[in-house]
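The values are calculated or read from the model by the stated rules, or taken from the named source; none is laboratory data. Not measured: the values here are computed from a predicted model. With ideal geometry, Cβ positions are generated from the backbone for all residues, glycine too; neighbour counts draw on all protein chains shown.
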Amino acid sequence: MEKSSQSLPNALNEGRAVIKRYVQDMQGTPGVYRMLDKTGVVLYVGKAKNLKNRVTNYTNIVALNTRLQRMISQTASMEIITTRSEAEALLLEANLIKKFSPRYNILLKDDKSFPFIFFSGDHDFSRLTKHRGAKTKKGKYFGPFVSASAVNETITLLQKAFHIRTCSDNFFKNRTRPCMLYQIKRCSAPCVNKIKKEDYDVLVAQATAFLSGRSRQIQDQLIAEMQELSLKMHYEKASAIRDRIKALTQVQQQNGIAMAAIGDADVIVLARDAKDCCIQLFSFRGGRNYGNKTWFPTQTADITDGEIMRTFIGLNYQTQPVPPLILTSHFMEEAALLEEALRLNTDYKVDIVQPMRGEKRDVVDYALRNAKEALARHVSMNTTQRVVLEGLQTLFVLEELPKRIEVYDNSHISGTNAVGAMIVAGPDGFIKGEYRQFNIKQKDISAGDDYAMLREVLTRRFSKIEEETNADKIPDLVLIDGGAGQLSVATSVFEELGITNIVYAAISKGPDRNAGREWFHTPNKEPFQLPEGDKILHALQRLRDEAHRFAIGAHRNKRSKSMQTSELDSIPFIGPGRKKALLHHFGSARALASASKEDIEKVTGISKTTAKVIYDFFHGDR
């Protein structure tokens, strides 16, 4: 029996009265309703086949869960929009949820568009790159790829197979010699005329045909070309074609699950526990895995699995391309309605299927296992750490929560015993087993040239990053201790190496080198600061300080070893005492080698005869 008005809390009773007033003028037509609070903020958006019947249900307070009762207690007004059909109402509901993010609806925090592979069409030599957003540029688009890692991996493999440039147009026009990508056979170097335009166009045509699904045809062409070159004894050229064929084979690997029967489809699965919920979407195009993406929807505690799935599908395909087939892990009562709604925005039939057996079910089960593992990781992650990672994701516009952060710093004394340091952090904190020390090898670096040291460190770290097969070893974010100059060095190195998929930034000390007043430098953006006391600022300071600590420790260890073992050990009559005195006086063996005989004589314990021996040792008279 419905609870009387007198027994309801005042706010709840007032909210129900507001809804009753609106119900009086409603019709039994399809449409969308919005609950608003007293300031006009949208609390909830819902759709209905029959508006009058659906909204009337909210007046039966006893039948509602706690979440909806809270919502009604805050309702001060409503807005109603009628539609021609329930399918149109479903699309409008999803659109309004995205627009207003009502606090009592199921919400998805990440609604960025999926990336595509893009071949530019406004340059004589087409550029291969990742594209996200509106397709306004002239060229060809392939995708969508659900995850950034999937598109980045495919671009790398396409570079190996077709040697298409990835550099910016500005970088291209200023080249006077081939970059490193040409040396490692990832680019044909059209920037310095290492390939004719017509031959480059053939490579582009082969790459686009491959992505269009004609992979077997392209491989057969390359195999025939390799065999022909071998018969003509052009073995070096045949070997280059062989490497391209191997790269194409790698692109077509299917990650151990049967996908041939799927074609173009999205697989959407749901895993949940008592409090949290995880949705994963796997995208398949042409029978190949285009990656997966994970969401953790909020406001799902008292909502059924089917309703969560229905809401997610409605929200997701507001901005993403709709495939002809969607496979789901859970039954949805409104699957037919969703199919009808999705067809309104496409010119082809869309099927939503919950497979129970066969290859399609195997793929759903594979996705479900991944979703359950992702949910377990999400639940186990410390709440404070999750807030920090989400803050870093927002601040640096990352594709997803960072799993690996690398921080770089240098340490030296007037250029002596110089070392570069890399520390690594992840969701569980510092990963000390991944720390790395770089002994600066270049002999021609001027003393104290931090920029040259950083260039060497970054080049050594990232020159082979594209060959890394373990995605966990590729950083999502690179932080550098320094300012605009260090950022410029990093930009130059990444452009030289053709790396476009790693986000990086530099952290410089504020005025008077005060902690809390740091400046952050990122490409194509003005430097900025964070408020003092900000949690994300504290996390970044801790990362920077750990890199500084490790760099200083590495430098001290190297300096200590150099004090114990150095070039001075080869000089006659120089024992531990004299060696220590010489190094303390000059700072390094390099400085001693540049000293005059008179300067050497000034060191305590060094006679004129010993000074001549030392001087002659470094100047060839030995």
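Taken over segment 47-82, the criterion of being part of a loop (DSSP other than H, G, I, E, B), in contact with a Leu (Cβ under 7 Å, 6 or more places away or on another chain) and surrounded by fewer than 18 Cβ atoms within 10 Å (Cβ to Cβ) is satisfied by Ala76 alone. Contact annotation: residue pairs with Cβ atoms under 7 Å, 6 or more positions apart or on different chains, pairing a residue in segment 1-30 that is modelled with pLDDT under 85 with a partner that is part of a loop (DSSP other than H, G, I, E, B), are Glu2/Asn60. Counting only residues that are farther than 29 Å from Leu64 by Cα and aromatic (Phe, Trp, Tyr), segment 289-319 holds 2 of them.
The set of residues in segment 444-472 being modelled with pLDDT under 70, surrounded by fewer than 16 Cβ atoms within 10 Å (Cβ to Cβ) and touching a Gly at 6+ places or on another chain (Cβ under 9 Å) consists of Ser446, Ala447, Gly448. Reported count of residues in segment 160-170, each being surrounded by 19 or more Cβ atoms within 10 Å (Cβ to Cβ) and under 13 Å from Thr500 (Cα atoms), is 3. Pairing residues of segment 480-497 that are in the same structural domain as Glu456 (by TED's automatic domain parsing) and more than 17 Å from Gly420 (Cα to Cα) with residues that are surrounded by fewer than 21 Cβ atoms within 10 Å (Cβ to Cβ) and aromatic (Phe, Trp, Tyr), at Cβ distances under 6 Å and at least 6 apart in sequence or on separate chains, gives Glu495/Phe171.
Give Asp409, Asp428 a once-over and let me know the one that is of a type outside the set (A, V, I, L, M, F, W, C), surrounded by fewer than 16 Cβ atoms within 10 Å (Cβ to Cβ) and not assigned by TED's automatic domain parsing to the domain that holds Ser594. Answer to the selection: Asp428.
Considering only residues that are over 27 Å from the mean Cα position of the chain (by Cα) and either over 21 Å from Pro144 (Cα atoms) or not in a loop (DSSP other than H, G, I, E, B) (or both), which ones fall in segment 301-328? Ala301, Asp302, Ile303, Thr304, Asp305, Gly306, Glu307, Arg310, Leu325 - these are the residues of segment 301-328 that are over 27 Å from the mean Cα position of the chain (by Cα) and either over 21 Å from Pro144 (Cα atoms) or not in a loop (DSSP other than H, G, I, E, B) (or both).
Cβ-Cβ contacts under 6 Å between residues 6 or more apart (or on different chains), taken from a first residue in segment 60-75 that is within 19 Å of Val42 (Cβ to Cβ) and at pLDDT 90 or above to a second residue that is crowded, with 17+ Cβ neighbours inside 10 Å and of a type in the set (Gly, Ala, Ser), are listed as Ile72/Gly15; Ser73/Gly15; Thr75/Gly15. Looking only at residues in segment 187-198 that are touching a helix residue (DSSP H, G or I) at 6+ places or on another chain (Cβ under 7 Å) and over 14 Å from Thr129 (Cα atoms), the one that is surrounded by the fewest Cβ atoms within 10 Å (Cβ to Cβ) is Lys194. A residue that is part of a loop (DSSP other than H, G, I, E, B), at pLDDT 85 or above and not assigned by TED's automatic domain parsing to the domain that holds Asn410 occurs nowhere in segment 570-588. In segment 130-152, the count of residues that are of a type in the set (Val, Ile, Thr), surrounded by 21 or more Cβ atoms within 10 Å (Cβ to Cβ) and either touching a His at 6+ places or on another chain (Cβ under 6 Å) or modelled with pLDDT under 85 (or both) is one or more. Please go through (1) surrounded by fewer than 19 Cβ atoms within 10 Å (Cβ to Cβ); (2) touching a Ser or Thr at 6+ places or on another chain (Cβ under 7 Å); (3) modelled with pLDDT of 90 or more for Val364 and return the number of the only condition it doesn't satisfy. Of everything listed in (1) surrounded by fewer than 19 Cβ atoms within 10 Å (Cβ to Cβ); (2) touching a Ser or Thr at 6+ places or on another chain (Cβ under 7 Å); (3) modelled with pLDDT of 90 or more, Val364 misses just condition (1). The lone criterion from (1) out of contact with any helix residue (DSSP H, G or I) (no Cβ under 8 Å at 6 or more places or on another chain); (2) at pLDDT below 80; (3) of a type in the set (A, V, I, L, M) left unmet by Ile184 is number (2).
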